[in-house]
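Everything below concerns the one structure shown next.
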Amino acid sequence: MTDRYAVIGNPIAQSKSPVIHMAFARQFGQDIHYEAILAAPDAFERTVRAFIAAGGKGMNVTAPFKLEALMLSDHLSERARAAQAVNTLSFTQDGIQGDNTDGFGLVFDIQHCLGRLLADQRVLVVGAGGAARGVLLPLLRARPASLLVVNRSVDKAQALIEPWKHDQPIAAGGFAAARGGRFDVVINATSAGLSDSVLDLGQDLYAPGALAYEMVYGRETAFMADARAQGAAVVADGLGMLVGQAAESFRLWRGVMPDVTQMLNQLR
Ligand code: ATR
């Protein structure tokens with residue numbers, strides 16, 4: 001029987017995950033079925049359990065259900081625990097395994113696809129919501145020289161770095177703390193790009209040769225336009241992160257790592 005997978009969210013029609021995972025399966029000549037499932041806001045658990053009962057092997061979870069997926073999981077990976085969110089569920093004999101591959105996708109895109117090693121780099125993360133929390137552990141694992149998290153609401157940035165602040169080169173502040181910082185890598189993890197809001201990060205944000213990374217994909221955001229105007233050497237959107245997180249989910253389920261660059265070229 002063909003193994004069944006799905007992405008669950010609300011809304012879900014825009015999801016690229018079915019196309020990406022079916023293409024990954026073709027890379028290995030594997031036969032899988034992957035669909036998009038819309039769940040009503042109050043029907044996450046019911047919908048997941050129905051999918052398991054129908055023989056489903058795994059699910060990707062997107063907004064607004066990543067926290068519910070965390071709570072539904074019988075076992076959590078370290079990165080899911082750190083992210084306090086689950087984007088990948090695996091249904092096994094031992095129950096529901098919850099993992100989070102978002103941060104892996106970001107770091108993989110930056111280091112592997114964009115060719116920039118994060119070791120010894122001065123990194124700035126803008127934003128302290130779920131998207132930022134999802135990537136901090138994998139970013140720290142890449143051994144940057146420093147990691148500054150800034151947010152409009154300073155208290156949220158401070159709360160975010162709490163687990164690591166005593167033994168990692170991580171700090172938090174308001175936007176003012178980033179001004180003139182000349183960072184090597186600046187990652188926009190706010191949702192401002194979705195509403196075309198401008199982030200007031202000031203001048204001299206970028207060091208020579210810097211990378212500006214927008215987690216939103218599919219559009220030129222105000223953050224990206226500002227980065228170009230300020231002379232960031234490379235400006236990337238989050239499509240590679242999307243494909244990278246999908247690839248790591250596929251690896252968890254299927255035991256083989258897809259070719260992310262090939263998939264990215266196809267999508268672009
Ligand atoms: P997500 O899961 O996408 O991270 P979230 O948890 O709602 O969504 O977090 C949104 C993030 O974008 C927050 O860091 C938010 O800043 P606040 O915590 O101060 O609200 C940030 N954000 C959204 N719109 C913004 C804007 N116009 N300017 C600055 N920050 C913005």
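Summary of computed values
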item: Pair list, Cβ < 8 Å and 6+ apart or interchain, from the stretch 57-72 residues that are of a type in the set (Val, Ile, Thr) to residues that are surrounded by 19 or more Cβ atoms within 10 Å (Cβ to Cβ) and part of a strand (DSSP E or B); result: 61/7; 61/8; 61/9; 61/88; 61/89; 62/7; 62/8; 62/9
item: The stretch 136-162 - residue that is assigned to a loop (DSSP other than H, G, I, E, B) and over 21 Å from residue 120 (Cα atoms) and, of those, most open to solvent (accessible area, probe 1.4 Å); result: 152
item: Scope the stretch 33-45; condition open to solvent by less than 50 Å² (accessible area, probe 1.4 Å) and assigned to a helix (DSSP H, G or I); matching residues; result: 44
item: Selected residue (only one of 48, 61 is within 25 Å of residue 14 (Cα to Cα), open to solvent by less than 30 Å² (accessible area, probe 1.4 Å), among the aliphatic types (A, V, I, L, M) and more than 16 Å from the ligand (Cβ to nearest atom)); result: 48
item: Only one of 14, 27 that is on the phi < 0 side of the Ramachandran plot and modelled with pLDDT of 95 or more; result: 27
item: Tally, over the stretch 177-197, of residues that are touching a residue at least 12 places away in the same chain (Cβ under 8 Å), within 16 Å of the ligand (Cβ to nearest atom) and not β-branched (Val, Ile, Thr); result: 11
item: Residue within the stretch 174-182 that is open to solvent by less than 60 Å² (accessible area, probe 1.4 Å), assigned to a strand (DSSP E or B), closer than 18 Å to residue 118 by Cα and not aromatic (Phe, Trp, Tyr) present; result: no
item: Boolean, residue 211 is more than 30 Å from residue 14 (Cβ to Cβ) and within 21 Å of the chain's Cα centre (by Cα); result: no
item: Residues that are within 14 Å of the ligand (Cβ to nearest atom) and under 27 Å from residue 231 (Cα atoms), drawn from the stretch 155-176; result: 157, 172, 173, 174, 175, 176
item: Given (1) closer than 30 Å to residue 57 by Cβ; (2) away from the ligand (no atom under 15 Å from the Cβ), number of the condition residue 145 does not satisfy; result: (1)
item: Conditions (1) away from the ligand (no atom under 15 Å from the Cβ); (2) over 30 Å from residue 5 (Cα atoms): number failed by residue 137; result: (2)
item: Members of the stretch 198-228 that are more than 10 Å from the ligand (Cβ to nearest atom) and either in a strand (DSSP E or B) or β-branched (Val, Ile, Thr) (or both); result: 206, 207, 208, 209, 210, 211, 212, 213, 214, 221
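The values are calculated or read from the model by the stated rules, or taken from the named source; none is laboratory data. What you are looking at is a predicted structure, and each value in this text was computed from that prediction instead of being measured. Note that we place each Cβ from the backbone using ideal geometry, even for glycine, and neighbour counts take in every protein chain shown. These accessible areas exclude ligands, DNA and RNA; they are computed on the full protein's heavy atoms, side chains included. Shrake-Rupley method; radii C 1.70, N 1.55, O 1.52, S 1.80 Å.
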